[in-house]
Every structure is written in C-alpha cells, then in structure tokens.
Amino acid sequence: MSEPNVNAIPSARAAGRSRTHKVTVTAMLSAVAFVLMFIEFPIPALIPAFVKLDISDLPELLAAFSLGPVYGVVVAFLKNLLFAVLHGTSSAYVGELFNFLMGSVFAFSAGFVYQRNKSRRGALLMAVLSVPLNYFVVYPAYVVCYHLPLETIIGMYQAIRPSVDGLLECLLVFNMPFTFFKGLLDVALCFLIYKPLSPLLHK
C-alpha cells in the first residue's frame, strides 16, 4: 500500500486559495467596471455626441495585468452582462456587444504584451479594429434596429467636419483616433493605480 503524498495537501490548498482569490478579484473588478459604465460623457466638439467617453475598460486591464489576459475578457463579458440585465439596453444590445468585443480585444492583447511594451500594441490594436467592427457590424445594426438612415449618422459627423465623405472616412477621421485615445487613457490610469492596488490584486 503506497504512502499518501503529504506534500500534495498543502499544494492543493494553495491552489484552491489561488482559484478563490482569482474568482473574488474577477467578481470585484466586474462590479467596478459595471458601475463605471454609468460614468460617461460626450465630447461634442471632437466626435458626435452619441459616441461617449468612459473608463469602464480600466478594470479589465487590471484583471489582465494581475491575473492574466483571459480574466480581462471575463471582466469585459460580466460587466456587459450585468449592464444588460440590471440596467437594460438603449442600443438593442448592439452597444453592449461592441463594448464587449472591443474591451476583450483590448484587455487580452494588452495583458499579453504587458511585460514587453506596456500595452501600446493593445491600444493601437483596439483603435484599428474599431473601424471594421463599426463599419460592418455596429452601424449597420443601428440602421436595421433603429431604422436610422446611414446618411443621418454621417450627417452627425459632417456637422463637426463638413469635408468628411462616407462612413469609412468618418470612422478613420473620428472613431479610430478617439478609440486610440480612450485606450491610452485607460492604460495611463491603470499604471497610476496598479501599484497601490497590487497587494490586493496579487494576494
């Protein structure tokens, strides 16, 4: 009869505590991200008012940096699920879907390259991907769900800069720089608060 492996017991307990901690931190950051989704404001002089600035991607970055890229995606999913269930949607769930897709790409890529280049690629990738996602998914969905003519949407951009012509140019001129700025803002805030929160995130 073989002897029990006494060394495996502390190891199993440590693994259990680690999983519990990760679940707890993920739940906490998801709740914070959900609350931050209510704090948003437009920048009407730079981009149409229906595109608002918020920092709800910040907890996703904290999760990706401290727990791993997959946890950043989980936080992005849970915050949008909570928002859709508890608050409801004003965009036929198109906005929540887009927020989840962009947040997931941002958090996963930023967490993946965090050790090497401080997530600059993550912010850039999020900005670049916002163009095809908006062009092929988000705005066509708005047209279908709200019966809002595409010309009306383009007109909102042209009210700021009359020279833009067509949806693709609007996205390249307005949305891509805006998304890139939003990503860099989230990264900057993350690095400001990451170290003070590190003992809690890495307990």
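Using the heavy atoms of the protein chains alone and a 1.4 angstrom probe, what is the accessible area of segment 40-86 per residue in square angstrom?
Values: 1890 Å² over 47 residues.
Accessible area per residue: 40 Å².
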Exercise. So for the chain, what are the equivalent ellipsoid semi-axes in whole Å, largest first, each being the square root of 5 times an eigenvalue of the Cα gyration tensor?
Worked result: 39, 18, 14
Exercise. For segment 111-187, which semi-axes, largest first and in whole Å, follow from the square roots of 5 times the eigenvalues of its Cα gyration tensor?
Worked result: 28, 14, 9
Exercise. Whole-Hz Karplus ³J(HN,Hα) for segment 127-136, in order, using 6.51 cos²θ - 1.76 cosθ + 1.60 and θ = phi - 60°, x for Gly and Pro?
Worked result: 5, 5, 6, 5, 5, x, 5, 5, 5, 9
Problem set entry | Between 0 and 90°, nearest 10: helix 8-36 axis offset from the chain longest Cα axis | 20 degrees
Exercise. Rounded to a whole number, what % of the accessible area of the chain do carbon and sulfur atoms account for, probe 1.4 Å?
Worked result: 70 percent
Problem set entry | Cα-centre dipole for segment 60-203 with unit charges at Cβ (Lys and Arg positive, Asp and Glu negative), debye to 20 | 700 debye
For this session: Principal axes first, then extents: for the Cα atoms of segment 26-82, list largest minus smallest coordinate on each axis, whole Å, largest first.
Result: 38, 20, 13
For this session: With springs connecting C-alpha atoms under 10 Å apart, model the chain as a Gaussian network and identify which of D165, D57, D186 has the largest mean-square fluctuation.
Result: D165
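The values are calculated or read from the model by the stated rules, or taken from the named source; none is laboratory data. Predicted model, so just to flag it, every value in this text is computed and none were measured. Please note: Cβ atoms are built from the backbone with ideal geometry, for glycine as well, and neighbour counts cover all protein chains shown. Note: areas computed on protein heavy atoms with side chains; ligands, DNA, RNA excluded. Shrake-Rupley method; radii C 1.70, N 1.55, O 1.52, S 1.80 Å.
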